[in-house]
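The values are calculated or read from the model by the stated rules, or taken from the named source; none is laboratory data. This structure is a prediction, so every number in the text was calculated from the model and none was measured. Reconstructed Cβ throughout: ideal geometry from the backbone, glycine too, with neighbour counts over all protein chains shown. SASA here: full protein model, heavy atoms, side chains in, ligands and nucleic acids out. Shrake-Rupley method; radii C 1.70, N 1.55, O 1.52, S 1.80 Å.
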Amino acid sequence: METDETDHVLPFQLQFDKPVASQVKIAEWNPEKDLLAMVTEDSKILLHRFNWQRLWTISPGRNITSLCWRPDGKAIAVGLEDGTISLHDVENGKLLRSLKSHTVAVVCLNWEEEGQLIRDDSKTSSSYEDRTSRFFPPAPRVPRMPGVVSGDTSFMEDSEDSYGELSNSSYQRFNILCSGDKDGSICFSIFGIFPIGKININRFSVPTPFMDKQTPRQISNSSIYKVSLSKDLCRLIVMCSGELNENTESRESQMVGQGMHSLVLDTSIFSKRKSELHQLAQQASNIEDLTEVIRASLSVMCKQWSDAMRTFLEKFDSLSTLIIDHALDSSPQEEFLSLLGGARTSSAVHQFLVNSLGEVGVKRVLKVICGTAKELQRIVLDHLQPAAEIIGFRMGELRGLSRWRARYHGIGLDEMLINNATEKCGMILVQIERFMRVLSTVEQQFSNFFNWLLKCIKLLMQEPSDQLLPYNSELVVIFLKFLYDQDPVKQLLEVDHDIEVDLETMQRVKELVQFGGFSDCEYLQRTLAKEFQQMEDSFKEAFLMPFTTVSRKMLYEDLLALFPLPSSSASVSMAIPMSISSYEDASNAVSSHQTCQHSFVDYVCFQVPDEPFSDIANCIGIMRGFAHDLSSSKNGCTSLEAVLLYVPAGYECVDLSLYKDSQIVLLLNGASASSESSGDACMMIVQASELPFISISRSTNLNSWNLSQLKGSAVQLQMENEKVRNIPHSVIAPLAVSASRGVACVFAARKRALVYILEEDEEVPDTE
Amino acid sequence: MTNGAEGFDSVPSSSGSNGSGRYEIGLIYLGMMHLHFGHPKQALQVLTEAVRFSQQQSNESCLAYTLAAICNVLSEFGCSSSAGVLGTSFSPITSMDTSLSVGQQLFVLLRESLKRAESLKLKRLVASNHLALAKFDLLHAQRSLLSFGPKASMKLRTFPINVCKELRLCSNLISEFGYESSTMTTDGAFSTTWLNNLPKSMDSPLLPQENGHRNNCDAHRFFTQLSTVPKSVLQLLGSSYIMRSTAWEMYGSAPLARINSLVYTTCFADASSSSDAASVHAKLIQHLAVFRGYKEAFVALKVAEEKFLTVSKSVILLVKLQLLHERALHRGNLKLAQQVCDELGVLASSVSGVDKDLKTEASLRHARTLLAANQFSQAAAVAHSLFCMCYKFNMQVQNATVLLLLAEIHKKSGNAVLGLPYALASLSFCQSFNLDLLKASATLTLAELWLSLGSNHAKRALTLIHGALPMILGHGGLELQARAQITEAKCYLSDPSYSVFKDSEVVLDLLRQASDELQVLEYHELAAEAFYLMAHVFDKLGQLERREEAAASFKEHMMALENPQDEDDPLLNMF
């Protein structure tokens, strides 16, 4: 590597050494900028600049189990203990999206963007634009819930701009977020927002091609440690712990016990159908956002309206009691009617209007009801209706895609289901129009009724009443008949109501079927809320199809049993330092002239835990070409190779990370860390490609651990030959290395963070 | 296409209720009458007088209405001489540069009218103006005012977002009409509703006592019948849905076009004027014809004819003629097509003034009939004169269609190279007017032209088709879909790198879909082509039985094309 002179120069320049408030358990550098995201033991997320200036801190309230950056560095994905994955804005840490894709703790995340090396052969299909932004103003957002003070809502309000930005993915390169959980499930989501697949590695059967009996095996009790998608999105490397068992019940023989396995899955659907998936994800995730807007609008409206009506009922309740008190045999409506008719004014009504309600009371109720009705109308006009319209448009676009069977059938876009969803969009638009009509009528009726009441009060109190607004007595009658003790608005906003539609309208709807109307004639009998529920269900059904189709297309390719784990640790998943990365294969670039796609080779390195390997304790395993080999095995350009590396005596590996150009950064702790001194540790870089790799056969023998084959050829790590920097602290995991920026952050056991510049001679990374 | 004039009919009565200003209102009505009968010059004259008089009387609201009416005249008939006709006393018009085009004049007037209506709080007029602006934005490209200088793009574009915004602003009327005091209904306005309900509610007392079920029933009548929203408001709101539907027909979103028509027919049928209702039904029938074939469309047409018997049948009649023409062309019955075409031409020059849109359509259809009869030079001549007319009257949207037709004519006459520039010109028109569906169809024509230039262009044609396919499949009718599928299949077949033996299903699937669609349409010529190609593929694959099947279907369609029989045509006998 470098010349020998570097030996006496300290290799990695220490940028600074700062105390940290609490111990850090996860740390990741931003792929684009000099930003370090850290998760503390008490589950706070901190974002620091390179100069250690803190940008923000948030605490999601739940235990954070994993973290990764979006490839463009503009968002952080965080995996939580309860299986939720939430996305946060890099600017302010605001929650952008939250997706509960797992049921147990999300232990690892990997967000991979399609590499540039994939040649864009289908330029036309990927250049298909999202027309929505051309035809519609920006999509409506979730309406503010009034009365709720700041807190959560303001949180939502502020994140609006970035929220919108997140779903507008048309300019983004295609990317996929993978997440693995403790129970062996792996979820995939496009752009981190649209779930597109879920698999459980426990369900894969591992064929045993070279054995006489053809019983496939299965991994059981597995827990994912690390997932990594290849740069071309074609393969997924999974590191997991688990037991490899016979599939059949007859022989309960365990081939090998609890241990660490490495799997390769074929995810080539992501790269083969990338532009189709991109389209689907873009439309569908936007539709889901807008559905959320409708849901929120409905709940806000329901709440506001029932609050307003409660005020009305509270005020007018006393009239019924007054009627009973006055021993009258009538209803409030009848009393009001006789007041309107001018026949008589019963003492009850008189007392109610003049004493208990009064002019102020009427005005207050009027303000509450009509103000709320106006508020509801605003919500419908600004949120509900536009959202439903855009959903209809986007569904129409998806319908076009679903009819392109040659392309989109493969990713499970089903024409029938999308058609059904489009019909539902139309129905909700009709429902919204009807709701709006009812709402305006109700508002008009109420204000007319209250105007009349005001006039009545003035008359009863013998005050001049010419300043008042006019009223329509016919409308008062209608109000008393239909609205005084009914609430059509509320009915429409509730799910379990049947709306009886008059014959004339039913006839019209039936007649419309001949004109290509909705074949479901009963839809007007549903309430708005019910219709929304059905629409949502139809969307779910339509989007589940691609999810299951794509999930089914992710196939098992290969498995490698690496090393055993103590069975005691099966339940408590222990932290094993490991790192997966892939590099351009310089040695192979010439030979693989046919395609540029195979010029990447993957490296997996991991620490081998001490206990079971009494003879090969304290060593690091490195393996390369695991995922690579399968595709190009015909050419035989690379095969699976591995090497064991003994950590020098007196040191133990704390963490490791693959760095650029197939280098490995190792973080080693001195064995004497328990002494009085603050301990001593070192960080070193090993050039992995120069290690004496040994080709190992894959899949031949699943009964033994593959790494034991390497025992004989393990090499001793020569510290004097490598770049080593001593650290005057006892260090702990994690080690955060940024390949793009050439920096490493090390955490000392005594709550200190040390940032080193790994690239000392060439371009020193400057803070941006 | 609807005009946003619904609101005008009943509106001036609001200012007339106080007794003053009857003369101005009379003038407005007269002006609109002139417009209705196709005398734009007289209409403008009368309206100018109304402007003068309203100004004299300082009747502000009447002035606002007059202004809106003038806008309506201008948008209906782009009178180039309007500025001369309008009096010099009216400031917004005199201040206008005479060099402005009619479109720009209209735009300025519309803005002015909107501003006045807003300041006078004439909510319905505001909504109606928003509607007119939406229509303007739909059809007129505007140079961006912000871009200036050599680097600014000189591209003319329409801005669909503005259309959407104006339509939404128009919809706001539903929450605002209450502020306009004059919309308060007068006593007794609901008596008819009451009377309608009388037989149903006879047996129950006016206020049923705690009788849950009955009560419920009454409450629900409320939903549909006792809406107290004034009819004029509902008509305006309904118009906004018709406008939406029209806009989506142009922009290319078939589901939204249909849904908006359905919203109108479901929610506004009781309040709408019968001519609006008829035009929406006409839209739905056309949608049916394009997407589900003629059989269903004619059934619906029959219903519509009965339904709108009392109305001036012109819209329904027009649809009927259009459908008959399309179908005759597809079936190869050119005599009938020509006959229908002539009838359309008569309809276009009726006593109620010359309808330019209709006239354009009639000659467009004439050219297409000639094209179907392989009379290329005549067809091209008709198309050329049509293009000149559209150009003269600034009808750019129609221009795109005519250009595409010219490209088709050249394509069919075997002169693909001549067709290319027309197709490209049509494409660029479509792009600047956001006519996405027409653009997809122009792209398809372009692909067909390239393909006919030889098999070495198959790749390029395929790329073009694939770019347009989502649009065509999602929003295009059966004919367009089938054409795209056949062309795609042809691209594969003529691509030397494609082998039938390796992947025959790709082509066969396309052809199968296309032939299904074409059989629904009874489009014999294209169906025959699809079966011909299918037979070819089967022949190569050695599946003789299926080849014979396809060949038989081919023959059937060719026979049907050559001797069209309309005697025993059940659909024709319906009328």
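Expressed in nm to one decimal, what extension gain is obtained for the pair residue A:503 and residue A:649 from 0.36 nm per residue of sequence separation less their Cα-Cα distance?
43.5 nm
Label point 7 Å out from residue B:376 along Cα-to-Cβ: which residues of the range B:382-402 have amide N under 18 Å?
Answer for the range B:382-402: B:382-385.
Stretched out fully, how many nm does the piece from residue A:272 to residue A:317 gain, at 0.36 nm a residue minus the Cα gap?
Result for the pair: 9.5 nm of gain on full extension.
Let me check the size of the range A:222-357 from its C-alpha atoms; what are the radius of gyration and Dmax in Å?
Rg then Dmax for the range A:222-357, in Å: 35.5, 97.
First measure r as the distance between the Cβ atoms of residue A:360 and residue A:144, then evaluate 1/(1 + (r/R0)^6) with R0 = 45 Å and state the FRET efficiency to the nearest 0.05.
Once the sixth-power term is evaluated, E becomes 0.95.
Extending each Cα 7 Å along its Cβ direction at residue A:329 and residue A:351, get the distance between those two points in nm, one decimal.
It is 2.0 nm.
Can you work out the PRE-style zone for residue A:374? Point 7 Å along Cα to Cβ, and I want the residues of the range A:311-346 with backbone N under 15 Å.
The answer is none.
Return the carbon/sulfur percentage of the accessible area of the range B:272-380, one whole number, probe 1.4 Å, all protein chains in place.
Ligands and nucleic acids excluded, carbon and sulfur give 57 percent.
Convert each backbone phi in the range B:278-285 into a coupling constant with the Karplus relation 6.51 cos²θ - 1.76 cosθ + 1.60 (shift: θ = phi - 60°), then list the ³J(HN,Hα) values in order as whole Hz, x for Gly and Pro.
Per-residue couplings from phi come out as 5, 5, 5, 4, 4, 4, 5, 5 Hz.
Once label points are set 7 Å from the Cα along Cα→Cβ at both residue B:424 and residue B:121, what is their separation, rounded to one decimal in nm?
Output for this residue pair reads 5.9 nm.
Tell me the label-point distance for the pair residue B:556, residue B:539, using the 7 Å Cα-to-Cβ offset, in nm and rounded to one decimal.
2.0 nm
What does the extension gain come out to for residue A:58 and residue A:81, with contour length at 0.36 nm per residue minus their alpha carbon separation?
Fully extending the segment from residue A:58 to residue A:81 adds 6.6 nm.
Based on the Cβ-Cβ distance from residue A:133 to residue A:455, what FRET efficiency comes out when R0 is 60 Å, to the nearest 0.05?
0.70
Can you tally the net charge around residue B:561? Count Lys and Arg as +1, Asp and Glu as -1, for every other residue whose Cβ sits under 12 Å from the Cβ of residue B:561.
-3
Just to verify a number: FRET efficiency for residue A:759 and residue A:103, C-beta to C-beta distance, R0 = 45 Å, to 0.05?
Working from the Cβ atoms, E equals 0.60.
Leaving out ligands, DNA and RNA, calculate the buried accessible area for the pair A and B with a 1.4 Å probe, summed over both sides, in Å² to the nearest 100.
The contact between B and A buries close to 7400 Å².
Where q = 0.17, 0.19, 0.26, 0.27 Å⁻¹, what log10 of I(q)/I(0) comes from the Debye formula for the range A:48-112, counting one point per Cα?
With no solvent term, the Cα-only Debye profile gives -0.58, -0.71, -1.18, -1.24.
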